[in-house]
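The values are calculated or read from the model by the stated rules, or taken from the named source; none is laboratory data. Predicted model, so just to flag it, every value in this text is computed and none were measured. Methodologically, a virtual Cβ is constructed for each residue, glycine included, from the backbone with ideal geometry; neighbour enumeration extends over all protein chains shown.
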Amino acid sequence: MAIFHFSVKVISRSSGRSAVAAAAYRGGERLHDERLDRDHDFTNKDGVVHSEVLLPEGAPEEFADREKLWNAVEAAEKRKDAQLAREVEFALPRELTKEQAIELAREFAEAEFVEKGMIADLNVHWDIGKDGKTKPHAHVMLTMREVGKDGFGAKVREWNKAELVEQWRERWAEHVNQRLAELDIDARINHRSLEAQGIALEPQDKIGPAASRMGVRGLEAERIEEHRAVAQRNGERIIANPNVALDAITHQQATFTKRDLAMFLHRHSDGKEQFDQAMSAMRGSPDLIALGKDGRGEDRFTSRQMIETEQRLGRASERMAERERHGVDPQDRTGALARAAERGLALSGEQRAAFEHVTNSRGLSVVVGYAGKGKSAMLGVAREAWESAGYTVRGAALSGIAAEGLEHGSGIASRTIASLEHQWGQGREQLTSRDVLVIDEAGMVGTRQMERVLSHAANAGAKVVLVGDPQQLQAIEAGAAFRAIHERHGGVEISEVRRQHDGWQQAATRHLATGRTGFAIQAYGERGMVHAAETREAARGELIERWDRDRQANPADTRIILTHTNDEVRELNDAARGRLRASGSLPMATASCSCATSAGLGSRTARSAPSSR
């Protein structure tokens, strides 16, 4: 069973630690520590199945050598209490092969750390626990300073923010769940705390094999004792009420095997006697439902609560699909289409069919399509038609980033589903029969949450439009609610790429939508649309030069510069404003250019004066 574990720690001299020693241990290598003038030899360490140093653009190639890298880090720090490195540790799904797990860890490290300018020392460990089960996990040691061709520069304050850690946790869960869905594996992880998920178990610290062996030798630390005490209390809860365990398991996967159940109980009980008692209580629970054998010949189970949730979801969706109270007058539809045409937006045949589908009188509509297929543009036109007909249109999505994207692309005021549910729980912002609720990335919404939202909408008489990606037909939490609703009630599909017009660009967009990023970048690179520079500074200079040249050649066009940190946003904005001043194009001193932080680290966007875009 896939589990969520993601921790971030700082390796600091104040606690007597060495970055070189830490790197040697995690890589299972022998490294010489120049500051201490001693070797750290961990070549006898078992379980290291992959080890590599990932460099950001502009970093010296010699830093790919682990020994040179961490000795350079030590040399750059002069203080006795210096923070040397940040370590990120995360559990890898047992359901993956070693090759799949390594690829998953590498892709995440490159996207979240290396592309932001950090050097990432990645090590994948494939330990075997006392129970004989694998405990795959990754250690990533990260540098904390800017790095260029001449070595390390200033420390980057942006990387120390607490909200960045929470973002990494959320991104890791999304990254894992997307890969599990692609591989058709019925398991999910959740970055939220057990309390936030509504699971009545105490959180347990991860205890690694080394710490476990210390306990066997009688060298138990306080942390191990607390871990066992929490496991004991959780075991008692499960024995007293097996539904606690059933609820926790089915939050991650809608169905499970005997092995999944045994692994869960082993983690949440203390010792064989309590494990056996918990297993006996689970097997005797009337809420444990046997489903028969799966395609691999294994017995599968679910909970009565999960079945009842799916039944409530089915009833709610049925009620909404049967209602025909939300029709839009043909005049309002025609008017919305005409206004869109005046703005230069002419809907394609598929978009027009989707527009007609979502603005019909039924209380439930489903739209399926990849990113870049024009769903947001179509929804923007539908919003105008709904509003002309007197409806209030609201948007929602699982993540804040998706909600922002829906609002930006369609003009529909949007928020997270969790925020929406919180307001409903406080008796505020209740849906009415004059509301249309658009849920984007609906394929990522779990069965429980989808049931709560649709039941609320059905009771209120509101209309719901579910919009999803065919690559996301399995949810982050257990269950494939979007897929089930689509199969049961049908919908429309938008498959034609609208954002690009050339065939090769449309193919590149499909590659991006299906995770084949390398093919997409290659296509743009072959046509001279990807530009590289030797250093970060050179890249900034060339970027501003191209921006200024294009601005002057095509003043009516719009353009935007994206970068990873707010500090770099300020630098690029200053450079761009300098070009505007030099050309006499800056209308007033307070105007800003069009640089913005990328979605990787923030959503603050600098306002843009017309002449600077």
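Some notes on this structure:
- When Ala281, Ala254, Ala248, Ala316 are checked against the criterion of being outside the structural domain of Val465 (by TED's automatic domain parsing) and modelled with pLDDT of 90 or more, Ala281 stands alone in meeting it.
- When Ala109, Ala85, Ala91 are screened for being in the same structural domain as Val140 (by TED's automatic domain parsing), under 17 Å from Val156 (Cα atoms) and among the small types (Gly, Ala, Ser), only Ala85 passes.
- Among (1) of a type outside the set (Ser, Thr, Tyr); (2) touching a Ser or Thr at 6+ places or on another chain (Cβ under 6 Å); (3) at pLDDT 90 or above; (4) under 30 Å from Ala539 (Cα atoms) - the single one Gly58 does not satisfy: (3)
- Qualifying residue in the stretch 44-53 (condition: more than 24 Å from Glu534 (Cβ to Cβ) and buried (at least 20 other Cβ atoms within 10 Å of the Cβ)): no
- Residue under evaluation Val467, criteria (1) modelled with pLDDT under 85; (2) surrounded by 15 or more Cβ atoms within 10 Å (Cβ to Cβ); (3) under 21 Å from Gln351 (Cα atoms), criterion not met: (1)
- The residues listed here are Ile544, Ile521; of these, the one that is surrounded by 14 or more Cβ atoms within 10 Å (Cβ to Cβ) and within 19 Å of Ala111 (Cα to Cα) is Ile521.
- Residue match in the stretch 110-126 (condition: in contact with a helix residue (DSSP H, G or I) (Cβ under 7 Å, 6 or more places away or on another chain), outside any strand (DSSP E or B), among the aromatic types (Phe, Trp, Tyr) and in contact (Cβ under 8 Å) with a residue 40 or more places away in the chain): no
- Tally of residues being β-branched (Val, Ile, Thr) and either part of a helix (DSSP H, G or I) or surrounded by fewer than 18 Cβ atoms within 10 Å (Cβ to Cβ) (or both) across the stretch 4-14: 2
- Count of the stretch 47-66 residues which are in contact with a helix residue (DSSP H, G or I) (Cβ under 9 Å, 6 or more places away or on another chain), of a type in the set (Asp, Glu) and not in a strand (DSSP E or B): 2
- Residue match in the stretch 430-446 (condition: in contact with a Ser or Thr (Cβ under 9 Å, 6 or more places away or on another chain) and under 23 Å from Thr250 (Cα atoms)): yes
- Within the stretch 413-450, tally of residues that are touching a residue at least 12 places away in the same chain (Cβ under 8 Å), over 16 Å from Gly363 (Cβ atoms) and of a type in the set (Asp, Glu): 3
- Within the stretch 553-570, being out of contact with any helix residue (DSSP H, G or I) (no Cβ under 7 Å at 6 or more places or on another chain) and not β-branched (Val, Ile, Thr) holds for Ala553, Asn554, Pro555, Ala556, Asp557, Leu562, Glu568, Arg570.
Condition check ((1) among the β-branched types (Val, Ile, Thr); (2) over 21 Å from the mean Cα position of the chain (by Cα); (3) not in a helix (DSSP H, G or I)) across all residues:
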residue	(1), (2), (3)
Glu404	no, no, no
Arg415	no, no, yes
Ala418	no, no, no
Arg428	no, yes, yes
Gln449	no, no, no
Arg452	no, yes, no
Ser455	no, yes, no
Val464	yes, yes, yes
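- Look at (1) over 30 Å from Phe482 (Cα atoms); (2) part of a loop (DSSP other than H, G, I, E, B) and you find that Pro286 fails only one, number (1).
- Test: residue in the stretch 382-400 that is within 25 Å of Met450 (Cα to Cα), modelled with pLDDT under 95 and touching a Pro at 6+ places or on another chain (Cβ under 9 Å): no
- Qualifying position, being without any contact (Cβ under 8 Å) to a residue 12 or more places away in the chain and either charged (D, E, K, R) or surrounded by 15 or more Cβ atoms within 10 Å (Cβ to Cβ) (or both), among Arg30, Arg38, Arg17, Arg86: Arg38
- Only one of Ala377, Ala385, Ala396, Ala353 that is assigned by TED's automatic domain parsing to the domain that holds Asp469 and out of contact with any Lys or Arg (no Cβ under 9 Å at 6 or more places or on another chain): Ala353
- Criterion: modelled with pLDDT of 55 or more, closer than 27 Å to Ala403 by Cβ and surrounded by fewer than 17 Cβ atoms within 10 Å (Cβ to Cβ) - qualifying residue of Arg581, Arg549, Arg516: Arg516
- Residue check, Pro555 modelled with pLDDT under 80 and surrounded by fewer than 17 Cβ atoms within 10 Å (Cβ to Cβ): no
- Filter result (over 20 Å from Arg106 (Cα atoms) and either within 8 Å of the chain's Cα centre (by Cα) or part of a helix (DSSP H, G or I) (or both)) within the stretch 142-182: Arg157, Glu158, Asn160, Ala162, Glu163
- For the criterion of being more than 28 Å from the chain's Cα centre (by Cα), at pLDDT below 95 and surrounded by 15 or more Cβ atoms within 10 Å (Cβ to Cβ), Arg325 fails.
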